[in-house]
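The values are calculated or read from the model by the stated rules, or taken from the named source; none is laboratory data. Bear in mind the structure is a predicted one, so any value in this text is a computation, not a measurement. All Cβ positions, glycine included, derive from the backbone under ideal geometry; neighbour counts span all protein chains shown. Please note that ligands, DNA and RNA were not included when accessible areas were found on the heavy atoms of the full protein model with its side chains. Shrake-Rupley method; radii C 1.70, N 1.55, O 1.52, S 1.80 Å.
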Amino acid sequence: MDVLCPLDDAPCTKDCPDRYKDRAEGGCLLTTSLAAGCHVLTDNPNGQLFLLFPDGMRVQLR
């Protein structure tokens, strides 16, 4: 079963540049981080994505 993309609720597409190359079901850093309890913050005007970790750390994805 394919991992669902949290950005559009559709199955992880085979041509997604962020997709794990070694997992048949797909997924990416975003799906793994969300499963681990991180939150996602988006800055829509700039198209930036940030992961917010429970300890307050913030990592920019795009």
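Given 10 Å bins starting at zero, what is the percent of C-alpha pairs of the chain in each, up to the one with the largest pair distance?
22, 51, 26, 1
Tell me, what % of the accessible area of the chain is carbon and sulfur with a 1.4 angstrom probe?
Working: 2510 of 4490 Å².
Exposed carbon and sulfur together represent 56 percent of the surface.
Mind checking the dipole of the chain: about its Cα centre, +1 per Lys or Arg Cβ, -1 per Asp or Glu Cβ, Debye to the nearest 20? Present the calculation step by step, with values, prior to reporting the outcome.
On the way: 6 positive and 9 negative charges, 34 e Å.
Computed about the Cα centre, the dipole is about 160 debye.
Do you know the relative contact order of the range 8-56, to the nearest whole percent, from alpha carbon pairs under 8 angstrom that are 6+ apart?
Values: 40 pairs, mean separation 10.8, N = 49.
For the range 8-56, the relative contact order is 22 percent.
At 0.36 nm per residue, and after removing the present C-alpha to C-alpha distance, how many nm does the segment from Lys21 to Ala35 gain when stretched out fully?
That pair, Lys21 and Ala35, stretches by 3.2 nm at full extension.
Using helices alone, I'd like the mean residue ellipticity at 222 nm for the chain: each DSSP H run of four-plus residues gives -39500 (n - 2.57), total over residue count, nearest 500.
Working: 1 runs with 7 residues, N = 62.
Value at 222 nm, helices only, nearest 500: -3000 deg cm²/dmol.
Might you tell me the accessible area per residue for the chain, computed with a 1.4 Å probe and given in Å²? If you can, show how the numbers build up before the last one.
Values: 4490 Å² over 62 residues.
Per-residue value: 72 Å².
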